[in-house]
Ligand code: HEC
Ligand code: HEC
Ligand code: HEC
Ligand code: HEC
Ligand code: HEC
C-alpha cells in the first residue's frame with residue numbers, strides 16, 4: 001500500500017528524491033526470509049536454474065564491476081553529495097532487490113555471503129504482480145512474496161507452490177521496471193524499454209522475452225508435462241559474444257572502382273542494427289564503446305588508416321575518437337583526488353585510432369563533462385547510436401598518396417565493441433574481461449589504383 005502511494009506520489013513530483021522515499025517505505029516491509037532461495041527452485045526447475053546461474057542478472061550484485069562501481073563510486077558519492085544520496089539505497093532496487101526490500105542498506109560486500117548476493121532472483125521476478133504508475137522505471141515493480149508464484153501459463157499444478165497466470169510477465173513493461181532508469185537529475189540514463197517501444201519491434205509487439213527468453217520444446221519443471229515452448233532463461237546480452245556477434249552489420253563500397261594516385265576516393269560504410277530490438281549500445285550506454293575503424297591496404301601491403309568525414313552536427317567531436325581528449329573528471333571529485341585531470345575519454349585500444357567514429361550517447365555531469373556515473377548525469381551530448389532496423393552511413397574521403405603503387409587496394413571496415421571504456425577500467429582496476437574489445441562485424445571492398 002505504502003509503496004503504491006509513494007510511487008504514485010513520485011510520479012506527480014518527478015524531481016523529488018523518489019527512490020529513497022520508496023526505499024524507506026519498502027525497507028521494513030519484506031525481510032529476506034519471505035523470499036525463497038534460488039536453490040529451492042532448482043530442485044524441480046533444473047534447466048531454468050542452471051541457465052539463470054549463467055546469466056548476468058543472477059550476478060547483478062556480486063559481479064566484480066558492479067561491486068567496484070557501487071562501493072568505490074556510488075556509496076562514497078551518495079554520502080558526500082545530497083543530490084545523489086538516494087542512490088545508496090536505489091542501486092539495490094535493481095541490482096540487489098531483496099536487500100533493498102529488507103532495508104539492508106548498504107548491503108555487506110559480496111564476500112560476506114549475504115542474501116543480497118542472490119541479485120535478481122527467481123522468487124523476486126516470480127512474485128512481481130505488476131507495476132505502479134504509467135511508465136515502468138526505477139524498480140517500480142510491485143511484489144507480493146509468498147506461496148503464489150506468478151507465471152505465464154494458466155492452471156498449472158506444483159507440489160511446492162501455487163501458480164497464477166499473470167500476463168504482466170509476458171510484457172516488455174515487466175523488464176522496463178529495471179531496464180529504464182531516471183537519474184536524480186531527471187534524465188533517462190537507461191531507456192532500453194523506451195527505445196524498444198518507439199522502435200519497430202515495440203510497434204510489432206515483439207517483446208524482450210522473444211529475443212532474450214526464446215521458446216524451446218521441453219519441460220519447465222522435472223515433473224511437468226512436455227511443452228512446445230518453454231521460455232529459456234538465457235537473458236544473454238553484451239556479456240555474451242554470441243549475442244554481440246553480428247549485432248551491427250557493416251558493408252563498405254568505394255565511389256569509383258579505378259583511381260589514380262593524387263585523386264580523392266570517397267568510400268561509404270553503412271552500418272546496420274539488424275539484430276537488436278533497441279538501440280545499440282543500450283542500457284549502460286555511459287560505459288560502452290562501439291566504433292568503426294577503417295583501414296586500406298595497398299598492392300604492396302602497406303596499411304593506411306582512414307578517418308571518417310565530419311558531418312557537422314552539434315557535439316560531433318564527442319563521437320570522433322581522440323587519443324588525447326580527457327573526461328570522467330567527476331571520479332576525482334567523488335574520490336577526493338585534488339586536481340584530478342581526468343582519464344582518456346575514449347580509452348586506449350590497439351584498433352581505435354584518431355578519427356574513428358564512435359557510436360555513443362555521451363552522458364554529461366552537471367558541469368558538462370563526460371561521465372560514467374549514470375546517477376550523476378544532468379544532460380546528454382548527441383545521441384549517435386544505432387536505432388533498431390536502421391542504418392547509418394559514414395563517408396571516408398581518402399586523398400590517395402602520390403606514391404601509391406598501382407594494383408588492387410583492399411579497404412576493410414571493422415566494428416568493435418568494448419563494454420567499459422578501458423581508461424576507466426584501468427583506473428578502477430576492473431578486470432580485463434570487462435573491457436576487452438569484441439569484433440562484431442567487418443567487411444572488405446576493393447578498388448584499383450591505375451599506373
Ligand atoms: C517440488 C518441485 C518444485 C519446486 C521446488 C518449485 N516448483 Fe515451480 N513448478 C513446479 C511444477 C511441477 C510446476 C508446473 C509445471 C508444469 O505443469 O508444466 C511449476 C510451475 C511453476 C511456475 C509456473 C510456470 C508457468 O508456465 O506459468 C512458476 C512461475 C514457478 N513454478 C516458479 C517457481 C519458483 C520461483 C520456485 C522457487 C521459489 C519454484 N517454482 C519451486 C514444481 C516446483
Ligand atoms: C528477470 C526475471 C526472471 C528471473 C530472474 C527468473 N524468471 Fe522465470 N520467467 C520470467 C518470465 C518473464 C517468464 C515468462 C516469459 C514468457 O512466457 O514470456 C518466466 C517463465 C518461467 C517459467 C515458465 C516457463 C515456461 O515457458 O513454461 C518457470 C517455470 C520459471 N520462469 C521459473 C523460474 C526459476 C526457477 C527461476 C530461477 C532459477 C526463474 N524463473 C528466474 C522471469 C524471470
Ligand atoms: C529483436 C530482438 C531483441 C529484442 C526485441 C530485445 N532485445 Fe535486447 N538485445 C538484443 C541483442 C541482439 C542484444 C546484443 C547487443 C547489445 O548488447 O547491445 C541485446 C542486448 C540487450 C542488453 C545488453 C545491453 C548491454 O549493453 O549490456 C539488454 C540489457 C537488453 N538487450 C534488454 C532488452 C530489453 C529490456 C528488451 C525489451 C524492452 C529487449 N532487450 C528487447 C536483441 C533484442
Ligand atoms: C529487478 C530488476 C530487473 C528486472 C525485472 C529485469 N532485469 Fe534484466 N538486468 C537487471 C540488472 C540489474 C542487470 C545488470 C546485471 C549486471 O550487473 O551486469 C540486468 C541485465 C540484463 C541483461 C544483460 C545481460 C548481459 O549479458 O549483459 C539482459 C539481456 C536482461 N537483463 C534482460 C532482461 C529481460 C528480458 C527482462 C524481462 C523479462 C529483465 N531483464 C528484467 C535487472 C532486472
Ligand atoms: C532502474 C534499475 C537500476 C538502477 C537503479 C541501477 N542499475 Fe545498474 N544496471 C541496471 C541494468 C538493467 C543494467 C544492465 C544494463 C545493460 O546491460 O544494458 C545495469 C548495469 C550496471 C552496471 C554495468 C554492468 C556491466 O556488466 O557492464 C554497473 C556497474 C551498474 N549497473 C552499477 C549500478 C550502480 C552503482 C547503481 C546506483 C548508482 C545502479 N547500477 C543503479 C539497472 C539499474
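Observations on the model:
- Across segment 225-252, the qualifying residues are those that are away from ligand 5 (no atom under 13 Å from the Cβ) and touching a helix residue (DSSP H, G or I) at 6+ places or on another chain (Cβ under 7 Å), and the one among them that is nearest to residue 419 (Cα to Cα) is 234.
- The one condition from (1) out of contact with any strand residue (DSSP E or B) (no Cβ under 6 Å at 6 or more places or on another chain); (2) farther than 23 Å from residue 47 by Cα that residue 177 does not meet is (1).
- Which listed residue, of 438, 409, is buried (at least 21 other Cβ atoms within 10 Å of the Cβ) and touching a strand residue (DSSP E or B) at 6+ places or on another chain (Cβ under 7 Å): 409
- Strands (runs of 3 or more DSSP E) within segment 152-220 that include 2 or more residues within 16 Å of ligand 1 (Cβ to nearest atom): 162-165, 215-218
- Within the span defined as segment 232-254, one or more residues are touching a strand residue (DSSP E or B) at 6+ places or on another chain (Cβ under 9 Å) and more than 30 Å from residue 308 (Cα to Cα).
- Residue 81 being at pLDDT 95 or above, within 24 Å of the chain's Cα centre (by Cα) and either within 16 Å of ligand 1 (Cβ to nearest atom) or farther than 27 Å from residue 234 by Cα (or both): no
- Within segment 31-66, tally of residues that are assigned to a helix (DSSP H, G or I) and either within 16 Å of ligand 3 (Cβ to nearest atom) or buried (at least 17 other Cβ atoms within 10 Å of the Cβ) (or both): 14
- Within segment 91-100, not a single residue is assigned to a helix (DSSP H, G or I), in contact (Cβ under 8 Å) with a residue 40 or more places away in the chain and out of contact with any helix residue (DSSP H, G or I) (no Cβ under 7 Å at 6 or more places or on another chain).
- Residue 150 vs. criteria farther than 30 Å from residue 304 by Cβ, away from ligand 3 (no atom under 16 Å from the Cβ) and crowded, with 19+ Cβ neighbours inside 10 Å: yes
- Test: residue in segment 358-366 that is over 18 Å from residue 244 (Cβ atoms), within 24 Å of the chain's Cα centre (by Cα) and surrounded by fewer than 15 Cβ atoms within 10 Å (Cβ to Cβ): yes
- Reported count of residues in segment 105-137, each being under 22 Å from residue 32 (Cβ atoms), more than 16 Å from ligand 1 (Cβ to nearest atom) and part of a loop (DSSP other than H, G, I, E, B), is 7.
- Qualifying residue in segment 309-330 (condition: assigned to a strand (DSSP E or B) and within 17 Å of residue 372 (Cβ to Cβ)): yes
- Close pairs from segment 41-60: first free of Cβ contacts under 8 Å to residues at least 12 places away in the same chain, partner assigned to a helix (DSSP H, G or I) and away from ligand 3 (no atom under 16 Å from the Cβ), Cβ under 6 Å, at least 6 apart: 42/49
- In a residue-by-residue description of segment 186-194, the property of being within 23 Å of residue 123 (Cβ to Cβ), in contact with a strand residue (DSSP E or B) (Cβ under 8 Å, 6 or more places away or on another chain) and touching a residue at least 40 places away in the same chain (Cβ under 8 Å) applies to at least one position.
- Segment 268-290 residues that are farther than 24 Å from residue 398 by Cβ and part of a strand (DSSP E or B), paired with ones that are within 16 Å of ligand 1 (Cβ to nearest atom) and at pLDDT 95 or above (beta carbon under 6 Å, 6 or more apart): none
The values are calculated or read from the model by the stated rules, or taken from the named source; none is laboratory data. Bear in mind the structure is a predicted one, so any value in this text is a computation, not a measurement. For neighbour counting, all protein chains shown are included, and Cβ atoms are generated from backbone atoms with ideal geometry for every residue, glycine included.
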